[in-house]
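A.B. asks: Before anything else, here's the structure in question.
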């Protein structure tokens, strides 16, 4: 849907529509078996069996991967939410796709009609936390002193300049950059709703619809996390820039969000979730309204949590509880909830998040860039929380860097090595990330899953040498090593070039220059 007054965009081949079919042959493919869902008790992980005789095939509902049932164990067992077990590296894999989903996996040589994916093929990555417009700040805010709060002043200047047209241009280029990094789904934490001064556009969801259209033109799926943002701090109204963010009340936010969800029903690549910006931006008596809206629709709900000590201090002063405690008191935490950052937590907060099976999204590159601190990721996982990853402010867009950053941060925090396997870190960037955005059937290579495939080159100076596997991707590769991307069965990136946005760097330069000139 195009907001009134928005210029016509070049036609693209409807990348958001379901129904893509084809055959893909992977030189190496990293596959894994089923794991417990959020409502299922954990049990022993059953790794995939070997491919066996070339040409052996597994297809149909319930297949776990190559070799039939996948029975057997490697001594690994699931000890709680967030455990992965192991995956298996297969060589010479034919992946057949119909209507955007994997229909069979077969070992053997490449048939002539197959698209050859020459490298290590992984499931599509999920960027679980994004603010697309922050990409305009890259290179402008990384040096010098200051704090999160002084950085925010610069970020607000960019927010003040955006309109539906410039937002579409910028987000399209940013999402193309994400696709080129292997990301097939993005969770866009969207709070820039209205015109400057807070006046709604003729279409009150023009800004959100611009993001959805941008994702379509970049060939990726999007969960638009429509954000409730009502105040500048505890007991204070919104400041001048924040008037663009505010609907005035949670009830008004819910009415607009419901309209947006209805308008996007026909767009197969998009889903609408809810977000609470933070406990400082949504008064306590409004939190339940947002949570109830998400619960009624079984939609994901995301929230920034305890990114800065000042938020904790303000919440304790205003309500006598920590931010995590306040969210728990108002029914916000739970299996469909993702707490973003969760950097400065008490032991009680960790127990609350884990005990409610709340997901936690870590954004290591942003948390380093803004000097936020290092959150207790391993403690959260051991308490029962699942972990996902996001590039957040897009200082870089590289989920391999986010994945290894989580492990390396934990090493710095504890002065010990080896907290997660490469497969576990990859799961945070794939299956658990997609599930947190409302796409639980994406993020793995198995029959019935969404056909998202990412090829990592094994011939770069970073990846040449190590044996192919999750370790190569997580601890050696960067986004620059992504060669091919298939999203829902459609080729989006081929040989390192985005097929819908062929000159993504030029698109980024033009979008940011247009924004700076406005």
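The values are calculated or read from the model by the stated rules, or taken from the named source; none is laboratory data. It should be emphasised that the depicted structure is a prediction, and the values quoted were computed from it without experimental measurement. Methodologically, a virtual Cβ is constructed for each residue, glycine included, from the backbone with ideal geometry; neighbour enumeration extends over all protein chains shown.
A.B. asks: Condition first: part of a helix (DSSP H, G or I) and surrounded by fewer than 24 Cβ atoms within 10 Å (Cβ to Cβ). Now tell me which residues in segment 312-332 satisfy that. Reasoning before the result, please.
C.D. replies: Taking segment 312-332 as the starting set, the residues that turn out to be part of a helix (DSSP H, G or I) are 312-319, 323-329.
Hits for segment 312-332 are 312, 313, 314, 315, 316, 317, 318, 319, 325, 326, 328, 329.
A.B. asks: Could you grab me the full set of residues in segment 229-271 that are crowded, with 21+ Cβ neighbours inside 10 Å and assigned to a strand (DSSP E or B)?
C.D. replies: Selection gives 270, 271.
A.B. asks: Would segment 272-285 turn up any residue that is at pLDDT 95 or above and part of a helix (DSSP H, G or I)? Step through it out loud before you land on a result.
C.D. replies: Initially, segment 272-285 is screened for residues at pLDDT 95 or above, giving 272-285.
Still in the running and part of a helix (DSSP H, G or I): 284-285.
Scanning segment 272-285 turns up at least one residue that is at pLDDT 95 or above and part of a helix (DSSP H, G or I).
A.B. asks: Could you list, in sequence order, all residues of segment 486-514 that are in a strand (DSSP E or B) and either on the phi > 0 side of the Ramachandran plot or in contact (Cβ under 8 Å) with a residue 12 or more places away in the chain (or both)? Break it down into steps so the answer makes sense when it comes.
C.D. replies: So the first thing to find is which residues in segment 486-514 are in a strand (DSSP E or B), and the list is 486-487, 490-494, 497-498.
Passing the criteria: 486, 487, 490, 491, 492, 493, 498.
A.B. asks: Consider segment 290-309. How many of its residues are in a helix (DSSP H, G or I) and without any contact (Cβ under 8 Å) to a residue 60 or more places away in the chain?
C.D. replies: 8
A.B. asks: Could we say that residue 211 is touching a helix residue (DSSP H, G or I) at 6+ places or on another chain (Cβ under 9 Å), within 22 Å of residue 263 (Cα to Cα) and touching a residue at least 40 places away in the same chain (Cβ under 8 Å) here?
C.D. replies: Working: touching a helix residue (DSSP H, G or I) at 6+ places or on another chain (Cβ under 9 Å): yes; within 22 Å of residue 263 (Cα to Cα): yes; touching a residue at least 40 places away in the same chain (Cβ under 8 Å): yes.
Here the answer is yes, as residue 211 does meet what is asked.
A.B. asks: Considering only segment 446-458, I want to know if a residue exists there that is at pLDDT 95 or above and more than 21 Å from residue 97 (Cα to Cα).
C.D. replies: For segment 446-458, residues at pLDDT 95 or above and more than 21 Å from residue 97 (Cα to Cα): present.
A.B. asks: Might you let me know whether segment 426-437 holds any residue that is in contact with a strand residue (DSSP E or B) (Cβ under 6 Å, 6 or more places away or on another chain), assigned to a loop (DSSP other than H, G, I, E, B) and more than 17 Å from residue 30 (Cα to Cα)? Write out each step before concluding.
C.D. replies: First pass over segment 426-437, keeping only residues in contact with a strand residue (DSSP E or B) (Cβ under 6 Å, 6 or more places away or on another chain): 428-430, 432-434, 436-437.
Now drop any that are not assigned to a loop (DSSP other than H, G, I, E, B), which leaves 430, 437.
Next, from what is left, pick out any that are more than 17 Å from residue 30 (Cα to Cα): 437.
Within segment 426-437 (the criterion being in contact with a strand residue (DSSP E or B) (Cβ under 6 Å, 6 or more places away or on another chain), assigned to a loop (DSSP other than H, G, I, E, B) and more than 17 Å from residue 30 (Cα to Cα)), the answer is yes, since at least one residue qualifies.
A.B. asks: Answer yes or no: is there a residue in segment 157-168 that is touching a strand residue (DSSP E or B) at 6+ places or on another chain (Cβ under 6 Å), farther than 26 Å from residue 474 by Cβ, crowded, with 24+ Cβ neighbours inside 10 Å and in contact (Cβ under 8 Å) with a residue 40 or more places away in the chain.
C.D. replies: Restricting attention to segment 157-168, the residues satisfying the condition of being touching a strand residue (DSSP E or B) at 6+ places or on another chain (Cβ under 6 Å) are none.
No, that holds for no residue.
A.B. asks: Anything in segment 250-281 that is in contact with a strand residue (DSSP E or B) (Cβ under 9 Å, 6 or more places away or on another chain), under 24 Å from residue 156 (Cβ atoms) and without any contact (Cβ under 8 Å) to a residue 60 or more places away in the chain? List them, or say none.
C.D. replies: 250, 253, 257, 260, 274, 276, 278, 279, 280, 281
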